[in-house]
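A.B. asks: The structure follows.
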Amino acid sequence: MSEAGKSGASGLAVVIMAAGKGTRLKSKRPKVLHAIGGKPLLAHVIAAASRVVVPQHIFAVIGHEAEQVRAAVASTGVQFVEQTEQRGTGHAIQCARAAIAGYEHVLVLSGDVPLIRPETIERLWDFHCRENAAMTILSAHPANPFGYGRIVRTTQGSAEVEAIVEQKALAPEQEQIGEINSGIYAFRTAALLAHLDKLSNANAHGELYLTDMAGLLRSAGERVVAVEAEDAAEILGANTIAEMMALDARLNAATAARQMAAGVTIFRPETCVIDADVEIAADAIIEPFVQLRGKTTIGTDSVIRSYSVIENCTLGKDVLVRQSCVLADSTLADGARIGPFAHLRPGSEIGENVHVGNFVETKKARLAKGAKANHLSYIGDAEVGEGTNIGAGTITCNYDGVNKFMTRIGKGVFVGSDTTLVAPISVEDGAYIGAGSCITKDVPAGALAVGRGKQINKEGWAAARKAKREKKD
Ligand code: UD1
Ligand code: CA
């Protein structure tokens, strides 16, 4: 890496063009906020750029739904430049003029080219420095160049570029050109700024094209070169939903391949959705049709069975998530056993060796080591102590229609089946609750609480009834 890079020296800035509407998506959401691999296109580009320069030197040009875009990526620490009216990629850079003026060089990335790898950005930058160029274009030879700007080299085999020609402006003989413009460039700032105002909008879209800088700089006697990306796949753009989903599929396949290379077993990986930022330890097993979303982390020897969807959760070692569980924003300690058909809602803290069985829903609930809720329960706004057993059909009544209240259950408690616990309520250590109880008062330690109607047995009742009926007939 060159010295102007990660060191944070002010020699190199990055500008990410992200102000466009994305008309071809036909969506109300701005293009750069559409997600692949579980995060917005722009967040992928920022992540790659942040591995090359520190975020204070990265400027995102925002415009369409600027506040929404800013809010979505503000936590990355990048700077923002506003382009209130989107008059083309050249105009986007004009808007960033003041931001980049103090830097010797500037790397320009596109917010809708999300698979770009930091290694490739570095390759572009190193080539730019080595060639001592005013403008260096990252190019590629994709299977289908249609729609992209094409690279017109000065002569065949030369590093130098004559111009970039957009699809709609291609002369018939230029349609054969397979080398495309990735929309990613390096510029010597002084050369860029000296000619930036010469861009014209006399083209098919009536926009200022940044691509025209190639011809402008070349005419001014400046050196314009292009370097080809090693893999055309990483510079593919996302202009339509279909293109974006193709990138998502590629990213997903690459993520699964990376996990498998690190020792994770993924059966039928093409059926699983594994977001880009998910971390899985070696020897974990992922069955077909599993979705691991957001910032999920899975420890070693854990097994995730089919049809489970896990989002923003932290799972320890040797956790078993059986079929068809839905887990969100929760933590599961080592040896926890969940499901099948369990629903852990946000704020569930599942302790070591805890069992949460079928048709159990938890929310903001802490279940301490060895606690069990094996069947058909709702445990919300609750604490359940170590080794406590929650019987089938137990419900914490946490909501009075206005406010939420806590249920506290101590250690070693036995809650009989079909118990309702009307919060706020506390059941102390070692207490027993008889099945079918509606508990409305605190239960002291070691006590037995029974809160149900007394059973009456009427001996001979059935025969008496029968006799009565027969008499009537
Ligand atoms: C652009 C290039 C094309 C290249 C392709 C690669 C131009 C004129 N063409 O075409 O040569 O092959 O990328 O993907 O640059 N943007 C702004 N402000 C604007 C307009 C666009 O910030 O006023 C942003 C967009 O949000 C987007 C990026 O710039 O992230 C590229 O714009 P887009 O309209 O997608 O350009 P392409 O037609 O794909
Ligand atoms: Ca594009």
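The values are calculated or read from the model by the stated rules, or taken from the named source; none is laboratory data. Given the structure is predicted, the values throughout are model-derived calculations rather than measurements. Methodologically, a virtual Cβ is constructed for each residue, glycine included, from the backbone with ideal geometry; neighbour enumeration extends over all protein chains shown. What goes into the accessible areas is simple: the full protein's heavy atoms, side chains included, and nothing from ligands, DNA or RNA. Shrake-Rupley method; radii C 1.70, N 1.55, O 1.52, S 1.80 Å.
A.B. asks: Any idea which of N201, N239 is modelled with pLDDT under 95 and within 14 Å of ligand 1 (Cβ to nearest atom)?
C.D. replies: When all the criteria are applied, what remains is N239.
A.B. asks: In the list K295, K317, which residue meets the criterion of being among the basic types (K, R) and within 18 Å of the chain's Cα centre (by Cα)?
C.D. replies: K295
A.B. asks: Here's another thing I want to ask about it. Going by what's in this entry, would S75 be described as open to solvent by 40 Å² or more (accessible area, probe 1.4 Å) and either closer than 25 Å to E166 by Cβ or of a type in the set (S, T, N, Q) (or both)?
C.D. replies: Spelling it out, S75 is indeed open to solvent by 40 Å² or more (accessible area, probe 1.4 Å) and either closer than 25 Å to E166 by Cβ or of a type in the set (S, T, N, Q) (or both).
A.B. asks: Here's another thing I want to ask about it. Restrict the check to the range 141-164 and report whether at least one residue is outside any strand (DSSP E or B) and among the acidic types (D, E).
C.D. replies: Within the range 141-164, none of the residues are outside any strand (DSSP E or B) and among the acidic types (D, E).
A.B. asks: Any idea which of A169, A159, A249, A238 is of a type outside the set (S, T, N, Q), closer than 20 Å to D112 by Cβ and surrounded by fewer than 22 Cβ atoms within 10 Å (Cβ to Cβ)?
C.D. replies: After applying the criteria, what remains is A249.
A.B. asks: Right, here's the next one. Between a first residue in the range 154-173 that is farther than 20 Å from E207 by Cβ and a second residue that is hydroxyl-bearing (S, T, Y) and surrounded by 10 or more Cβ atoms within 10 Å (Cβ to Cβ), which pairs have beta carbons less than 6 Å apart while being 6 or more apart in sequence or on different chains?
C.D. replies: If the second residue must be hydroxyl-bearing (S, T, Y) and surrounded by 10 or more Cβ atoms within 10 Å (Cβ to Cβ), the pairs left are E160/T154; E162/T154.
A.B. asks: Shifting gears a bit: Surrounded by 18 or more Cβ atoms within 10 Å (Cβ to Cβ) and over 21 Å from A194 (Cβ atoms): does that describe A66?
C.D. replies: When the stated conditions are applied, A66 passes them.
A.B. asks: Right, something else. Within the range 106-120, can you find the residues that are in contact with a helix residue (DSSP H, G or I) (Cβ under 7 Å, 6 or more places away or on another chain) and within 15 Å of ligand 1 (Cβ to nearest atom)?
C.D. replies: Passing the criteria: V106, L107, V108, L109, G111, D112, V113, P114, L115, I116, T120.
A.B. asks: Let me spell it out: the conditions are (1) within 16 Å of ligand 2 (Cβ to nearest atom); (2) under 15 Å from V108 (Cα atoms); (3) in a strand (DSSP E or B), and A226 meets all of them except one. Which number is the exception?
C.D. replies: (1)
A.B. asks: Moving on. Kindly indicate whether L292 is buried (at least 18 other Cβ atoms within 10 Å of the Cβ) and farther than 16 Å from T255 by Cβ.
C.D. replies: Answer is no for this residue.
A.B. asks: Another question, if that's okay. Within the range 231-240, track down each residue that is assigned to a helix (DSSP H, G or I) and either more than 14 Å from ligand 2 (Cβ to nearest atom) or touching a helix residue (DSSP H, G or I) at 6+ places or on another chain (Cβ under 6 Å) (or both).
C.D. replies: If the condition is that a residue be assigned to a helix (DSSP H, G or I) and either more than 14 Å from ligand 2 (Cβ to nearest atom) or touching a helix residue (DSSP H, G or I) at 6+ places or on another chain (Cβ under 6 Å) (or both), then A232, A233, E234 are the ones that fit.
A.B. asks: Continuing with this model, one more query. Could you look through the range 443-473, keep only residues that are open to solvent by 100 Å² or more (accessible area, probe 1.4 Å) and in contact with a strand residue (DSSP E or B) (Cβ under 8 Å, 6 or more places away or on another chain), and pick out the one that is modelled with the lowest pLDDT?
C.D. replies: The residue in question is R452.
A.B. asks: From the list T89, T76, T23, T84, which residue is of a type in the set (S, T, Y), out of contact with any Asp or Glu (no Cβ under 8 Å at 6 or more places or on another chain) and within 16 Å of ligand 2 (Cβ to nearest atom)?
C.D. replies: T23
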